[in-house]
Amino acid sequence: MSCQPCRIDRSHLAGFNYALVKLSDMPDEMRTECKETVVTAIEKFPDNYEGASKFVKETMDKKFGASWHCVMGEGFGFEITYELKHLMYMFFGGYIAILVFKAL
């Protein structure tokens with residue numbers, strides 16, 4: 001019996017190549033801009049969540065002022081304090097969760 005790393009089969013998620021916003025209290029224009037920024041970041045850094053998060057944070061800081069945060073990953077929970085009308089929680093690709101918010 002050999003010990004091999006587990007392989008996760010994500011072939012059933014191939015059809016989920018769009019952004020799915022689960023929770024947002026942003027105005028429509030800001031939500032659209034944020035969603036497009038996240039999709040661009042994930043396409044630019046497909047296997048690097050840290051680089052994609054940094055890209056989203058820096059872009060949102062430039063467009064909407066400082067103090068934005070971005071968390072990306074495949075399994076996390078959160079409890080945050082944020083500025084009202086500045087939160088978006090979404091999924092991309094069926095399994096990547098993205099949280100973007102502006103801190104107080």
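The values are calculated or read from the model by the stated rules, or taken from the named source; none is laboratory data. This is a predicted model, so every value here is computed, not measured. For accessibility, only protein heavy atoms count, side chains too; no ligands or nucleic acids. Shrake-Rupley method; radii C 1.70, N 1.55, O 1.52, S 1.80 Å.
Residues in the range 67-104 that are open to solvent by 60 Å² or more (accessible area, probe 1.4 Å) and under 16 Å from T37 (Cα atoms): H69 only. Count of the range 9-58 residues, restricted to those that are in a loop (DSSP other than H, G, I, E, B), modelled with pLDDT under 85 and among the aliphatic types (A, V, I, L, M), is 1.
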